[in-house]
Amino acid sequence: MTRATKTYVSETVSRLQPSGIRRFFDLAASMEGVISLGVGEPDFVTSWSVREACILSLEQGYTSYTANAGLLELRQEIAAYLSRKFGLEYRPESELLVTVGASQALDLALRAIVNPGDEVIVVEPSFVSYGPLVTLAGGVPVSVRTNGADQFKLRPQQIEEVISPRTKALILCSPNNPTGTVLNREDLAAVARIVEKHDLLVISDEIYAELTYDDPYTSFPAIEGMRERTILVSGFSKGFAMTGWRLGFVAAPEALLQAMLKIHQYAMMCAPTMAQYGAIEALKNGEHDVDEMRKSYRRRRNYFVQSLNDIGLCCHLPGGAFYAFPSIAVTGMTSEQFAERLLIEEKVAVVPGSVFGKSGEGYVRCSYASSLEQLQEAIKRMKRFLSRLQ
């Protein structure tokens, strides 16, 4: 075989589809005057005290590697945070790992537990990386489709229907990206009974845990019997407005955590040192700023979701995160057609629901992590767009 015809890219990677979100971001970036409701990150700047702590660490010359698992002081602060906020107890020395964002934590969790051919249940609509990360770990993603008529709540029987002898784990995300749906304690307890019955592991993505608006948040490992079955993934990107810092963490029973650490040692070494010093400050003194951001998101949520319903796009009130997920069924278009035409004709960028799985078709994801003025203008443009379709 000649060099010209030989294929060097792995078959697994070749079969992966690029992120469906990215195409719309790239298109929006090439246009003037676009209001973007597509970006899944806070519109707040990281708190000054956190930035200052990072700057100070640089000035003091803290620029070398940390321990593979992260600074012990940071792990101690994470342990204290999980205890006071969610009633969880983890040992900083052996049950916590600092990662390069929650995305790396998800990757590590899957690679640590999946054997070739193992099935991992993914609850749809879901964050775009879950399925591909399962595939890259050698597993098989199996979808559970929730529906808008039930406000995208996960029901236990839906899990039962897809369990097979190869099922290894379930990925949960509450609050959910893209729907904003939050599973309460009763919901989680029902899921826990299925998990225990079938001897499953759970990867619980709780990156939006700080951004819930109506009811107290329940962390999945806080459900009776679930701590030893759960890999808790979280981080600083969303609640603490630290997306570019790329800092996450994992909390898990020691055997699972140490397996993840083994991979982390070879693949990443450690998370950025300066970011870790910033995170220490965020956990020690940043809760007031988080509270203020949460209040602002809640006000925007209430305005934006009501406005969507007023212009004819039916939307449930999300309990968390900063996404609205309205139905576009009244338009008769696919979610991709709707998103593309809205962008081209009115310069409002939203994300087609179909990129989050088949159960997302017929919906679009709109981030309300934008100023109220931008949200008001976006609603005006969307209303004008809908009026032309009648």
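The values are calculated or read from the model by the stated rules, or taken from the named source; none is laboratory data. Note that the coordinates shown come from a computational prediction; the quantities given were computed from them, not determined experimentally. Positions of Cβ are backbone-derived with ideal geometry, glycine not excepted, and every protein chain shown enters the neighbour counts. We work out accessible area using only protein heavy atoms, side chains counted, and drop any ligands, DNA or RNA first. Shrake-Rupley method; radii C 1.70, N 1.55, O 1.52, S 1.80 Å.
On the given criteria, is C314 within 26 Å of F25 (Cα to Cα), at pLDDT 95 or above and open to solvent by 10 Å² or more (accessible area, probe 1.4 Å)?
Values: within 26 Å of F25 (Cα to Cα): yes; at pLDDT 95 or above: yes; open to solvent by 10 Å² or more (accessible area, probe 1.4 Å): yes.
Yes.
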Q) Within region 132-156, restricting attention to residues that are touching a residue at least 24 places away in the same chain (Cβ under 8 Å) and assigned to a helix (DSSP H, G or I), which residue is farthest from I171 (Cα to Cα)? A) G148
Q: Pairs only if they're at least six apart or on different chains, beta carbon under 8 angstrom, first in region 251-279 and farther than 28 Å from L58 by Cα and assigned by TED's automatic domain parsing to the domain that holds L74, second acidic (D, E) and part of a helix (DSSP H, G or I); list them, first residue then second.
A: P253/E228
Q: Mind telling me which of the residues A112, A102 ends up being over 20 Å from Y277 (Cα atoms) and assigned by TED's automatic domain parsing to the domain that holds K238?
A: A112
**Q.** Residues (buried (at least 20 other Cβ atoms within 10 Å of the Cβ) and in contact with a helix residue (DSSP H, G or I) (Cβ under 7 Å, 6 or more places away or on another chain)) located in region 284-299
**A.** G286
Q: Return yes when D187 is at pLDDT below 95 and more than 14 Å from the chain's Cα centre (by Cα) and no when it is not.
A: no
Q.
List pairs: first residue in region 184-197 and open to solvent by less than 20 Å² (accessible area, probe 1.4 Å), second residue assigned to a helix (DSSP H, G or I) anywhere in the structure, Cβ distance under 7 angstrom, at least six positions apart or on different chains.
A. L188/F220; A190/P156; V191/P156; V191/I159; I194/P156; I194/I159; I194/E160; V195/R229
Q: Could you check, for region 25-40, whether at least one of its residues is more than 25 Å from the chain's Cα centre (by Cα), farther than 29 Å from E210 by Cα and open to solvent by 70 Å² or more (accessible area, probe 1.4 Å)?
A: yes
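Within the bounds of region 28-40, is there any residue that is over 25 Å from D289 (Cα atoms), in a helix (DSSP H, G or I) and at pLDDT below 95?
Within region 28-40, one or more residues are over 25 Å from D289 (Cα atoms), in a helix (DSSP H, G or I) and at pLDDT below 95.
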Q: Working only within region 114-131, note down all residues that are part of a strand (DSSP E or B), in contact with a Lys or Arg (Cβ under 8 Å, 6 or more places away or on another chain) and of a type in the set (A, V, I, L, M).
A: V120
Q: State the number of residues belonging to region 72-113 that are open to solvent by less than 30 Å² (accessible area, probe 1.4 Å), touching a Leu at 6+ places or on another chain (Cβ under 7 Å), farther than 20 Å from K284 by Cβ and assigned to a helix (DSSP H, G or I).
A: 4
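Inspect region 158-166 for any residue being within 22 Å of Y363 (Cα to Cα) and crowded, with 18+ Cβ neighbours inside 10 Å and give the result as yes or no.
Filtering region 158-166 for residues within 22 Å of Y363 (Cα to Cα) gives 158.
Checking which are crowded, with 18+ Cβ neighbours inside 10 Å leaves us with 158.
Yes, because at least one residue in region 158-166 is within 22 Å of Y363 (Cα to Cα) and crowded, with 18+ Cβ neighbours inside 10 Å.
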